[in-house]
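Report on the structure given below.
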C-alpha cells in the first residue's frame, strides 16, 4: 500500500478464523435465530475468507486479490470475487466521518461487499443495503451506528436511479483516498435520526418508513 508496499491486508476485527460466526442480539424487525437457514451461523450470518487487496495505479481504487464471501441471516450468499475493484463510492461521503473511512476497522468487509453489490446491480438496492447492515453487525458494529448508516444509505444512497459519479482522490490525514460526488446530505437529518435510533431502537422497517417519508 503505502510505505513501499503495494499490498493492503484488511484486518477482520472481532474474529480471525475463516467462516467465523458473528455476535448477535434480539430486536424486533430483525431476523430471529429461528429464521436462520445457515447451520452454525448466528443471527447476523457469517463471513468466509479475508479480503486482501492492492492499490491500483489510479490511487483511488483497489483490486481484490482474494474472494470475500458473506452468508446473510436469510442464507443468501454475497460474494466479492477476486479481481473486483472497490473504492467506497457506494457509501455517501458524509458517513465517512462517522465510519472513519469505508475500509477502516469494523466496516471493511461490509463496505467491500456493498461496493461490489452496487457495481453488479443484479439485486435490488434495498437488499444490498440490508446486507450492508447485517454485515456491519456481523463485524461488531454497534446497533446505533449500523442503523444510523442504514438510514443514511436508504435516505441518501447512490441508488440505481442516481448514477454514481466519481471525483478526484482527496487527501485525508496525509493519505490519498477515493471520493464520490454524492447528493447533498443534510447533517442535521443524520444527527436527528441517530438521536431517534439511540432512544427508540427502531426495527429496520421503521427506519425505512422514516427515510421514505422524509424523501417525499
Practice task
Identify all residues within region 130-149 that are part of a helix (DSSP H, G or I) and surrounded by fewer than 24 Cβ atoms within 10 Å (Cβ to Cβ); write none if there are none.
Solution key: 130, 131, 143, 144, 145, 148
Fill in the blank from the handout: Filtering region 49-84 for residues that are modelled with pLDDT under 90, under 16 Å from the mean Cα position of the chain (by Cα) and surrounded by fewer than 17 Cβ atoms within 10 Å (Cβ to Cβ) leaves a count of 0
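The values are calculated or read from the model by the stated rules, or taken from the named source; none is laboratory data. Note that this is a predicted model, so its numbers are computed, not measured. Reconstructed Cβ throughout: ideal geometry from the backbone, glycine too, with neighbour counts over all protein chains shown.
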